[in-house]
Each structure stands twice: as structure tokens, then as C-alpha cells.
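Following: one structure in C-alpha cells, then a few remarks.
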Amino acid sequence: MAISSAKPKSDEAIAQLTINTIRTLSIDAIQKAKSGHPGTPMALAPLVYTLWNRVMQFDPKDPIWPNRDRFILSNGHASMLLWSILHLTGTQAVDAEYEKLGKPSVSLDDIRRFRQIDSRAPGHPEYHWVSGVETTTGPLGQGIATSVGMAIAEKWLANRYNKPGYDIFGYRIYAICGDGCLMEGVASEAASLAGHLGLDNLCWIYDNNHITIEGDTNITFTEDVATRFLAYGWHVMRVGNANDVDRIERAIRTFQQTQGRPTLIILDSQIGYGSPHKQDTPEAHGEPLGDEETKLTKRAYGWPEDAQFLVPEGVPEHLAAGIGARGAAARQKWLDLFAAYRAKYPALAAEIDQMQKRELPAGWDKNLPVFPADAKGIAGREASGKVLNVLAQNIPWFMGGSADLGPSNKTLLTYEGAGHFQAATPGGKNLHFGIREHAMAAVVNGLSLSKLRAFGATFFIFSDYARPAIRLSALMELPTIFVFTHEAMSDGEDGPTHQPVEHLASMRAIPGLVTFRPGDANEVVEAYRTILQLRHEPAVLALSRQPLPTLDRKKYALATGVSKGAYVLADAPGGNPEVILIASGSEVCLAVEAHEKLVASGIRSRVVSMPSWDIFDHQPPEYRERVLPSKVKARVAIEQASTFGWERYVGESGRIIGMKTFGGSAPLKELQRRFGFEPERVVAAAKELLGK
Ligand SMILES: Cc1ncc(C[n+]2csc(CCOP(=O)(O)OP(=O)(O)O)c2C)c(N)n1
Ligand SMILES: [Mg+2]
């Protein structure tokens, strides 16, 4: 095997050898797994080689160095590209506490076990599972949309932390995408926003191979992508040959010189490049090549036909001399700069340290409001707005915005100096997403991946438009925050198109996502207090549009119980209830009203306020038993949302007062009457259960 022993002579030869190593590792892994997508790694190996070895500022020894360039594989099915390059560059593993583990992120053994249980070479790139993955991709379009958040974050960080002579932040974001990514709506939303914001630190490279699963894109995708992106305000370039590393490099250098606009590089490629029978066919997309075709392809590359998982001598060394040396030097230079910066700007340096570890600054919760008892009360969204304005002042890197509903969501940061993020004002903490909910959620993910504490907002009903990115937030274990107002039927007259019914159930069903539906203003404060302390879970707040009475906490239990997800708000004498009313949000007060009536008629009732199933379910069993004693079978759950799932708390003999249909267009009061959200109905249900 000449290839593994003889050192290649020229730079060009070793570059080609490295590219073919990426290709053949991908082919072999997919062949062995009998599953995967070989065609795109084969086509894009030269691109990945060029970006990594010639361009990117990334130190494989420290894949979380804050000023690294970001690499995103939005066409996540081509994951073997990433596993190959992470392995060949010797990128190191880091754990969830940001500690370096002293072992490679992806070993050759992981690659041999591609797509097998526990392998660090899973089917698609997974943040938090494999170091060096900047964001989870696989749902097409998400990676590039998320990259816009990363680009916004870089602009904001540079604006806040860079000082004359101290460019602490100055990195670029490179995202690769395919036809599928650019067909997805979220890409259009994100590209439009990126163009508006003039994010010139952002470069998307479009793998223009004219192939998707069903065949040639002439059956589905015949738009003029270049013109489309020009219209978004992007700088567009084209490289006509995906194997021409010099031209790829030149295009990227041109991106680096381009100011005021993001860049799209359209790269004409051939899926399955080198495979005699599968090149340029959809078969190359998602099936292993097969034994015979693998041999023929390797022959075409000048590769030993029978070699498996071969990493020729000189390849890791070549990458070590390229990205390895360049990245290490860049990081060292940055570390020296940061040490000097720390001496001169200790407070700012401390912020950067805390942010990197997702810690909160001292005094992060000072001045949080306490709301006095008030029968008229205050809307959940109003209380939330007050809290957000305090948090944003206490936590420098806390920011966010709405998808054009800021005045309704009450998410505008109105204190002096909050500012609005625009191209000319990158220090603003009010983000304006426009009516682009899906991109908003992906951008919030990108901000969070950049270690900012970010929130996005819209009406709860439109969480549907953001859900795929919220799901990824949970999968990535990011502490993002989604502020959803106008929950339940609070948007009365707007009618059923604006009234979420199944959305709470849907959010509660996402593993790791924490959902809160607070019952009064003080519960809103406590929900935020709990959420801010989460480091690895995203949270959703479902907030009322209408005022909710602020409970008298001298009479009822303190709202701090919110931190346990559910708590006994009002109790039977001696803490010995015969019936339990469980409610969230606007129905908490309803439950309290019913409770008072029951008590007056001599019935021992308890009210449990349950703003968060997720948090409650994680309490120790003793606590849960104390709140919901198993011997008390008479239970009524009240929630202006789908009844789906409440059986788990009320049991088989309990009652659920909830929604089984869509709502209606009418004033809220009328809807409450129509759908039975009235104290008399709750009292009747309780009495029926007790046979009284
Ligand atoms: C949102 C979403 N829809 C569908 C899929 C399933 N899927 C995976 S790859 C693919 C085709 C992608 O085509 P393209 O982006 O051109 O990738 P190529 O085959 O050229 O690499 C599809 C439909 C997905 N991963 N995500
Ligand atoms: Mg394609």
C-alpha cells in the first residue's frame, strides 16, 4: 500500500490525500453501518478541507475557545464530514461543565461505530454529545437559521467587550447548507433577517448539487437562488467546481473582505463525486455505496481498494501544520490579549468568564418586583414585562425580543440605554425578529450557543411556528427562554385561530423543556427566578393577556412554592383535605374561589397551584406525596387548555375541567361561561366526586 507508507511530495498531493481520507472514512463508516449519507461528504470534502485547514481560526485543542470561528453543517445528514474532520484534526473532548477531558472528541473507533449506540459519531451532528459540534442539525434549515443568531451574538459581543487595542471578539460564522436547507421556510426567514441586519460576519456555502431525495431539483426547486439572496441584500458569489480548493479559498477570502452584507457562496458540486455509477444521482444521497461500488470509487480516487478506515501517514500531520498550528497560535495570541484585557478591564473580563460558564452575575435578581395583593390584579404579560426589564439591567448579557408583538407581549426593554439591535447599533438589547417566529426561535438558540441569555416572544398560539427550533433547544440543553402571551382563551374576540388549546400539552411533551403557566403576578416573578437558574434547560412561559387577581400571600401560601413546580396554595384545616383542586394560570384564582365556597359549605378542600408539571415531576417523591397525598382520590384539575395528560394528576376517578374542542370568538367572560370555567362548575365537580 504505497499510499500509507510513502509521504506525498507536494502540498497539492497531501491536500488531495487529506480530502480523499475524509471521503473514504465517510464511505467506509456508512458502508459498515449500512446506513448514512455518503454522497455529500464525498462531494464536499474539498470544501471542508479548505475551510478547516486553510481558513478557520479554530484550535482543535480547545474547541470552546470563545473567539473561535464557528462551523455549522446545516445539511446534517452529511455528518460524516464532521466526524472525519474532527477526528483527523484531533479535536479534543470537553464535558458539560466545560472541562477538557484529555481525549479526542471523535476517535477512529467512534467512526467505526458510526450510528451505533453511544458512539461519538451519531447519525446527525449533536451539540452536547460531540465536542466540536456547534449546533445540532438534521432538521433541514435549522443550522443556517441558528447561524444568524450566532452572527448577531458576535456583533453584540464585539460591541460590548472590544476596546481600543483589544479585539476580544472577532470571529466568523461559516455554515454549509444544501438544497433542502434553502427550500425550508425557516431559511428564508433567517436570510431575510440576516440581510436586513447586514451581518457581514456570516457566510453560507450552498451545496448546489441539483439533487434531493426524490431526484433532480428540476421537479421542485427551479428558483434563481442567487437573485433571491441578492434581493435579501446578501453578497452572492459562485464557485463552479467543488473540487477547486483555490477558488473556494478565494471566495472565502472575498467574504472576509466584504462589509455590510452577509455572503452566500453557491458551490456547484456533484453528489457522490468519484463513484462511477452513483455520482450525480439521488442514490448517492442516502444509501451506502455497496461493496462493489466502494471498490470502484476508491480506485477512482487512487486509493487502495481494500483498505478500510485508512488514515494515511502525513494526513493528521498536514492538518496539525495547518489548522492545528494556526488555531493554536491564534488562541495563544488571544489568551495573551485577554490576560492584558483582564488587568485593564477586570469587570468586563469577569463578565466574559461568567457568561462562558452560564453563571449569573452577583445581584442578578435584585430589585425583582413583589406585587401587593390586589383583587383587580395585573396581567401575566405585564408582570413579565416588569421582570424582564429588571433582569436585563442586572444581567448585561440578557437580551431578547418579539416577533413583532413586543407591545402586546410586553417584552420591550424600556429602561434608558436598553437600545435596539440594528446594523448601526449592535449594542442594543431589544431584538426585533419581525414576523418570523421560526427564525426567531432558531436565532435565540444561536444566541444561547454563543452563551448569551436570550429570550424570544410571540403569542402562545404561534409557538407552533417556532416549535421545531424550541425542540432543538431542549435537545441541545440550552437555557433559552420563550415568552408566550395571550395563552388559553385570553384572546377572546380574536377567536379560535388565536386560542391555544393543545399547546401546553405539546410543550409539556418535549423532553427537558420546562413549561410554566403562572397563576398571578408573584408566580410570574418566581417562575422567572427559577428559570434564570436553569443552565441546561430551555423554558416556556405561558402568560395571560388579561389581568389576574394578585393573591394575598398572607392568607395563601408564598409564591416561592413555584420553584417546586406545584405547591399547596390553600388548605383544609389541619392539612387534611378530602378533595384537591389543581389548577394553573388563570384557573388558580378560579380554584381559590371554588375552594372558599367549598370550605363555607363544610367541605375540606385544598388548592394546589401547579404552574409547572416538569419541575414538579422532578421533586422528590416525599414532596409530591405531601402536595398530592395518594389517599385523596377526589381531585379536580382545572386548566383552560386541552385535558390531555391531566389524568396523571387526577387519577382515574378524578375530574378534568379543560378544553376538548377549539375555543370561540367572543368576549372572554362569555367563553369562560360557555366552556365551564366558573366556580360553580368546579364546586359541583368536587361535590359530585365526594357524593355530596
Ligand atoms: C425538515 C426536514 N425535512 C425532511 C428531512 C429529510 N431529508 C433529509 S436529507 C433530505 C434531502 C436533502 O436534500 P439536499 O439538502 O439537497 O441534500 P443532498 O442530498 O444534496 O446532500 C431530506 C428530505 C429533514 N432531514 N429535515
Ligand atoms: Mg442537494
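Take residue 530 and decide whether it is among the β-branched types (Val, Ile, Thr) and farther than 24 Å from residue 452 by Cα. For residue 530, the condition - among the β-branched types (Val, Ile, Thr) and farther than 24 Å from residue 452 by Cα - is not met. Just to be sure before I move on: is residue 336 of a type in the set (Asp, Glu) and free of Cβ contacts under 8 Å to residues at least 24 places away in the same chain in the structure I sent? The answer is yes for residue 336. I'd like to know if the stretch 46-68 contains one or more residues that are in contact with a strand residue (DSSP E or B) (Cβ under 9 Å, 6 or more places away or on another chain) and within 16 Å of ligand 1 (Cβ to nearest atom). Taking every residue of the stretch 46-68 in turn, at least one turns out to be in contact with a strand residue (DSSP E or B) (Cβ under 9 Å, 6 or more places away or on another chain) and within 16 Å of ligand 1 (Cβ to nearest atom). The set of residues from the stretch 285-308 being within 16 Å of ligand 1 (Cβ to nearest atom) and either outside any loop (DSSP other than H, G, I, E, B) or open to solvent by 20 Å² or more (accessible area, probe 1.4 Å) (or both) comprises 285, 286, 287, 288.
When you check residue 193 against the structure, is it outside any strand (DSSP E or B) and within 15 Å of ligand 2 (Cβ to nearest atom), yes or no? It is false that residue 193 is outside any strand (DSSP E or B) and within 15 Å of ligand 2 (Cβ to nearest atom).
Of all residues in the stretch 421-441, those that are under 22 Å from residue 395 (Cβ atoms) have Cβ atoms under 9 Å from Cβ atoms of residues that are open to solvent by less than 30 Å² (accessible area, probe 1.4 Å) and among the charged types (D, E, K, R), 6 or more apart or on another chain, in 421/429. Report yes if some residue within the stretch 199-221 is of a type outside the set (Lys, Arg), free of Cβ contacts under 8 Å to residues at least 40 places away in the same chain, out of contact with any Gly (no Cβ under 9 Å at 6 or more places or on another chain) and away from ligand 1 (no atom under 12 Å from the Cβ); otherwise report no. Yes - at least one qualifying residue is present in the stretch 199-221. Looking at the stretch 630-649, which of the residues that are more than 31 Å from the chain's Cα centre (by Cα) and without any contact (Cβ under 8 Å) to a residue 12 or more places away in the chain is farthest from residue 583 (Cα to Cα)? Step by step, filter the stretch 630-649, then rank; the result is 631. Name the residue that is most open to solvent (accessible area, probe 1.4 Å), counting only residues in the stretch 569-585 that are at pLDDT below 95 and among the small types (Gly, Ala, Ser). Only one residue tops the list, namely 574. Can you find even one residue in the stretch 108-123 that is touching a Leu at 6+ places or on another chain (Cβ under 8 Å), within 26 Å of residue 535 (Cβ to Cβ) and open to solvent by less than 40 Å² (accessible area, probe 1.4 Å)? Checked against the condition, which is being touching a Leu at 6+ places or on another chain (Cβ under 8 Å), within 26 Å of residue 535 (Cβ to Cβ) and open to solvent by less than 40 Å² (accessible area, probe 1.4 Å), the stretch 108-123 yields no hits at all.
Residues being closer than 22 Å to residue 555 by Cβ and among the basic types (Lys, Arg) are represented in the stretch 593-602 by at least one member. When the criteria are applied in full, residue 143 meets the requirement of being of a type outside the set (S, T, N, Q), open to solvent by less than 10 Å² (accessible area, probe 1.4 Å), within 15 Å of ligand 2 (Cβ to nearest atom) and over 20 Å from residue 435 (Cβ atoms).
Residues in the stretch 162-184 that are open to solvent by 30 Å² or more (accessible area, probe 1.4 Å) and either in contact with a Cys (Cβ under 9 Å, 6 or more places away or on another chain) or more than 10 Å from ligand 1 (Cβ to nearest atom) (or both): 162, 163, 164, 165, 166, 167, 170, 172. Selection of the stretch 475-499 for residues being open to solvent by less than 10 Å² (accessible area, probe 1.4 Å) and either under 25 Å from residue 391 (Cα atoms) or modelled with pLDDT of 95 or more (or both) yields 476, 478, 479, 480, 481, 482, 483, 484, 485, 486, 487. Of all the residues in the stretch 220-250, those that are open to solvent by less than 30 Å² (accessible area, probe 1.4 Å) and in contact with a Phe, Trp or Tyr (Cβ under 6 Å, 6 or more places away or on another chain) number 0. Taken together, the residues in the stretch 196-217 that are assigned to a loop (DSSP other than H, G, I, E, B) and away from ligand 2 (no atom under 16 Å from the Cβ) amount to 4.
For first residues located in the stretch 176-193 and of a type in the set (S, T, N, Q), partners that are open to solvent by 10 Å² or more (accessible area, probe 1.4 Å) and more than 16 Å from ligand 2 (Cβ to nearest atom) and lie 6+ apart or on another chain with Cβ distances below 7 Å form the pairs 192/232. Of all residues in the stretch 338-367, those satisfying the criterion of being open to solvent by less than 80 Å² (accessible area, probe 1.4 Å) and at positive phi are 358, 363. Taken together, the criteria place residue 434 among residues that are open to solvent by less than 50 Å² (accessible area, probe 1.4 Å), farther than 23 Å from residue 364 by Cβ and out of contact with any Phe, Trp or Tyr (no Cβ under 8 Å at 6 or more places or on another chain).
Give the number of residues within the stretch 535-559 that are buried (at least 17 other Cβ atoms within 10 Å of the Cβ) and either of a type in the set (Ser, Thr, Tyr) or in a loop (DSSP other than H, G, I, E, B) (or both).
Summing the residues that are buried (at least 17 other Cβ atoms within 10 Å of the Cβ) and either of a type in the set (Ser, Thr, Tyr) or in a loop (DSSP other than H, G, I, E, B) (or both) in the stretch 535-559 gives 10.
Assessment of the stretch 340-360 against the conditions (of a type in the set (Asp, Glu) and either assigned to a helix (DSSP H, G or I) or touching a Gly at 6+ places or on another chain (Cβ under 9 Å) (or both)) yields at least one matching residue. Flag: residue 330 matches the condition of being open to solvent by less than 30 Å² (accessible area, probe 1.4 Å) and either in a helix (DSSP H, G or I) or aliphatic (A, V, I, L, M) (or both). For the stretch 604-620, the set of residues classified as more than 31 Å from the chain's Cα centre (by Cα) and open to solvent by 30 Å² or more (accessible area, probe 1.4 Å) consists of 604 only.
The values are calculated or read from the model by the stated rules, or taken from the named source; none is laboratory data. Note that the coordinates shown come from a computational prediction; the quantities given were computed from them, not determined experimentally. Here Cβ is always computed from backbone atoms with ideal geometry, including for glycine, and neighbour counts include all displayed protein chains. Surface areas here come from the heavy atoms of the whole protein model, side chains and all, with no ligands, DNA or RNA. Shrake-Rupley method; radii C 1.70, N 1.55, O 1.52, S 1.80 Å.
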